[in-house]
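The structure under discussion appears below in the form of structure tokens.
The values are calculated or read from the model by the stated rules, or taken from the named source; none is laboratory data. Quick caveat, the model's predicted, so the values are computed rather than measured. Note: ideal-geometry Cβ built from the backbone for every residue, glycine included; neighbour counts use all protein chains shown.
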Amino acid sequence: MGPLLKTIGWGLYCTCSWTWCIGMWLPLLLIERWGWPGFWLFAIPNVLGCAAMGYLVRSRVQSAAMVQQHRGAMRWFSCVTIAFQLFWITALACHFGFDALVPSSTGMVLIPALVLGLALLVACMPLLGWLLTATLLFAWTMVCFGLVGTQFMDQIPDRGSVPPPELWGAAPIIAIGFLLSPYLDLTFHRARQETPSRHAFAVFGITFMAVLLFVTSYWNIEHWNGVGIGVVLLFWLLQVIFTTGAHLRELMATGEPGPGRWGSTRVLVLVAVLPVPLVWTADLLDVAKTSLLNDTYLRFLGFYGLAVPIWVLSFMWPRAAARTRRVGTALIATLALTFVLAELGMVGSPTWWLLPAAAMAVVIPILTGRLAPARGA
């Protein structure tokens, strides 16, 4: 495979590895709340932030050094991401029922087991297999777009159920999450190290935006039935398998014993599976299905919008802080407080609670790096 095809292939790999349950579901929630402005708030920092990572990380050597220095944090990023996929696909089986295909109680067991089993298989593919699979998966996604069509996109309103000014309350936490999360994503570092050209990330930006536009075409899927919903469900299933497999592969690739591993690969996979029985338990306790799916989904986002930025701004740049007990205690306390504010602003209302959470997630880590810098920083 020549350099041009490899560059395109790694761009499509990033597109497919980044099309996970955030890209496939959060736009629907934001459209419901704010209409088209909610979608653009999601899409613009998402595409630009992820594409920029490939250019700001100047070389494969720099990427490899970042992985070595932040291996534990990146491995836990993958662990949480796998957990998020398994939670979401299990909660979807509970929420939608799929009774015409399989009883919901069976689906909640069968679907996550199928996802994890197939993901473990694809995790063992060689690199060329990943590029070919990503190309086929992106092509299938565009076929899905053609099958679903754009008729429902025309029905997306200019405003939703939440007052438009509250969009600005959610904007900072969404922006910093998407701008900074790629730096802890092992699949992005894999692409940065393997691609012949940084322009693979430009390919990503263009193709990922196409995927996000497809997502808007099924924004009202909860009112669908028939063939259309089957097409979207297959799209969801294949994408979750790809993303989960990609992160499993990187967990195995970075799992050699040594300092900074923060747990064996086996332990991290077991942790990632924990949300599945928790969804089963919630269903047995008759927890409201919409609350189980959407509210818990939004709580997962706190990891990417708060925990990840706190780590990146504390220990990556602009100035790395010392990894001492005092610094760790201060950052954990900051994270706990921001999570409380995020619960009030994202799951509850109004979103203005998210403004101090985002401010703390940015200002305190930067100050920590200045007041307690690492040696040589």
For this session: Return yes when Ser197 is surrounded by fewer than 20 Cβ atoms within 10 Å (Cβ to Cβ), under 22 Å from Gly11 (Cα atoms), out of contact with any strand residue (DSSP E or B) (no Cβ under 9 Å at 6 or more places or on another chain) and among the polar types (S, T, N, Q) and no when it is not.
Result: yes
Exercise. Given the structure, is Leu167 of a type outside the set (D, E, K, R), at pLDDT 95 or above and closer than 21 Å to Thr81 by Cα?
Worked result: no
For this session: For Ala336, indicate whether it is loosely packed, with under 15 Cβ neighbours inside 10 Å and either acidic (Asp, Glu) or more than 19 Å from the chain's Cα centre (by Cα) (or both).
Result: yes
For this session: Taking only region 302-329 into account, find how many residues are crowded, with 23+ Cβ neighbours inside 10 Å and more than 19 Å from Cys79 (Cβ to Cβ).
Result: 3
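If you go through region 135-149 one residue at a time, do you hit one that is among the small types (Gly, Ala, Ser) and more than 22 Å from the chain's Cα centre (by Cα)? Walk me through it before giving the result.
Going through region 135-149, the residues among the small types (Gly, Ala, Ser) turn out to be 139, 146, 149.
Narrowing the set further to residues that are more than 22 Å from the chain's Cα centre (by Cα) leaves 146, 149.
For region 135-149, residues among the small types (Gly, Ala, Ser) and more than 22 Å from the chain's Cα centre (by Cα): present.
Got a sec? Which helices (runs of 4 or more DSSP H) wholly within region 1-119 have at least 2 residues that are among the polar types (S, T, N, Q) and crowded, with 20+ Cβ neighbours inside 10 Å? Reasoning before the result, please.
Working: elements: 3-18, 21-34, 36-56, 60-69, 71-96.
Correct list: 3-18, 71-96.
Would you point out the residue of region 331-373, among those that are part of a loop (DSSP other than H, G, I, E, B) and at pLDDT below 95, that is nearest to Asn294 (Cα to Cα)? Walk me through it before giving the result.
Here is the first cut: in region 331-373, the residues part of a loop (DSSP other than H, G, I, E, B) are 348-350, 372.
After this cut, where a residue has to be at pLDDT below 95 as well, the list is 348-350.
Numbers: Gly348: 12, Ser349: 14, Pro350: 17 Å.
Filtering first and then ranking leaves Gly348.
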For this session: Name every residue in region 348-361 that is crowded, with 17+ Cβ neighbours inside 10 Å and either among the β-branched types (Val, Ile, Thr) or touching a residue at least 40 places away in the same chain (Cβ under 8 Å) (or both), in order of residue number.
Result: Thr351, Trp353, Leu354, Leu355, Ala357, Ala358, Ala361
Exercise. Which of (1) within 25 Å of Ala342 (Cβ to Cβ); (2) without any contact (Cβ under 8 Å) to a residue 24 or more places away in the chain; (3) among the small types (Gly, Ala, Ser) is the odd one out, the single condition Gly302 does not satisfy?
Worked result: (2)
Exercise. Say we look at region 229-284 and pick out the residues that are among the basic types (Lys, Arg) and in contact (Cβ under 8 Å) with a residue 12 or more places away in the chain; which of these is surrounded by the fewest Cβ atoms within 10 Å (Cβ to Cβ)?
Worked result: Arg261
